[in-house]
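Asks: I have a structure I would like to understand better, so I am pasting it below and will then ask my questions one at a time.
All of the numbers you see were taken from the coordinates with simple rules; none came from a lab. Because the structure is a prediction, the values reported are computed rather than measured. With ideal geometry, Cβ positions are generated from the backbone for all residues, glycine too; neighbour counts draw on all protein chains shown.
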Amino acid sequence: MIRALVLSVEAVLSARNPTLDSLVLVSPGAVTPHEIATDGHVRRIVDAILEDGYVRHPILSVAVGAQYVVLDGTHRLAALNAIGVQRIPLQVLERHDVRFDTWANVVLHPRGCAAVLETPLGWRRGDDAAAAVRVLSSDGQSWQSSEPPTTLGERYEMIMRVLTGIEDADEVRRSVPSLAKPDGPGSFVLGFRAWTLDDVIGLARQHKRLYSGLTRVIAIGRILNLRVPLAMLQDEQFDQTAWAAFISAAKRRARLYDEPTVLVD
């Protein structure tokens, strides 16, 4: 296991601002994503970071022993690793400040919902939120998987089999489940039972990564618009004085959200 290099900002922050106390810089090897990064998205973020010269938002995470599991920011992490950095900017949240929900996927496929219903999951009519997978077709029919997985690993394999069936879809876009509707012929809504934080940590420990767009992280006390300089992340020698000055300026610029917040990476 690669030991984490943790550079806490506690010494340079006011005790009246506990949100910024959650910022740390850690070595890349100490950070584990829970999602699969897509190459095109990573390239866009690489270009944006190189053009801006900074990372706009810290990566959201929780501590798991000496490691950190990414809750939101898989593509930012992959972009920073592609650029080459010595340290990763994280916001480390307490577990009670994190809630997981799910996204629905509105899919446009040449074969419509048959692309998913061909997966042998014992489909039956219904729309039970507790079902592992649900489908709403363009003609208003609802289907749900009827074979509940008994382990986290089985549930993961089930979801990945379903998503493999739509890899050749014309379009897949995420939506809040309550607002997700088929767009017309060939379109359908693919829904999933929400993952929990323990689920995500368990999968990360098993080195199993979910497709992006399955987990919807709702966090309290989120830091946005931090703008961590890329040079500060690339320097081999860490400059504590420069970091302290940066944090002092960031306290006036960063946007701090005490209410539950969702960021689409």
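Asks: What residues from the range 64-83 fall in the zone where the backbone N is under 13 Å from a label point 7 Å along the Cα-to-C-beta line of residue 234?
Replies: Those under the cut-off are 80-83.
Asks: If we count GluC sites (Glu not before Pro) as exposed when they sit in a DSSP loop and have at most 16 other beta carbons within 10 Å, what is the longest stretch of the chain that avoids them all?
Replies: Working: sites that count: 94, 118, 167, 236.
With GluC sites (Glu not before Pro) excluded where exposed in loops, the chain gives 1-93 as its longest stretch.
Asks: On to the next question. Dipole of the range 100-200 (Lys/Arg Cβ +1, Asp/Glu Cβ -1, origin at the Cα centre): which of 105, 180, 197 lies farthest to the positive side?
Replies: The Cα lying farthest towards the positive end belongs to 180.
Asks: Another one. Quick one: 3J(HN,Hα) in Hz for the range 105-116, Karplus 6.51/-1.76/1.60 with θ = phi - 60°, rounded, Gly and Pro as x.
Replies: So the Karplus estimates, Gly and Pro as x, are 10, 8, 10, 10, 9, x, 9, x, 6, 4, 4, 9 Hz.
Asks: In addition: In debye, nearest 20, what is the charge dipole magnitude of the range 100-200 about its Cα centre with +1 on Lys and Arg Cβ and -1 on Asp and Glu Cβ, if you could check?
Replies: Roughly 220 debye for the range 100-200.
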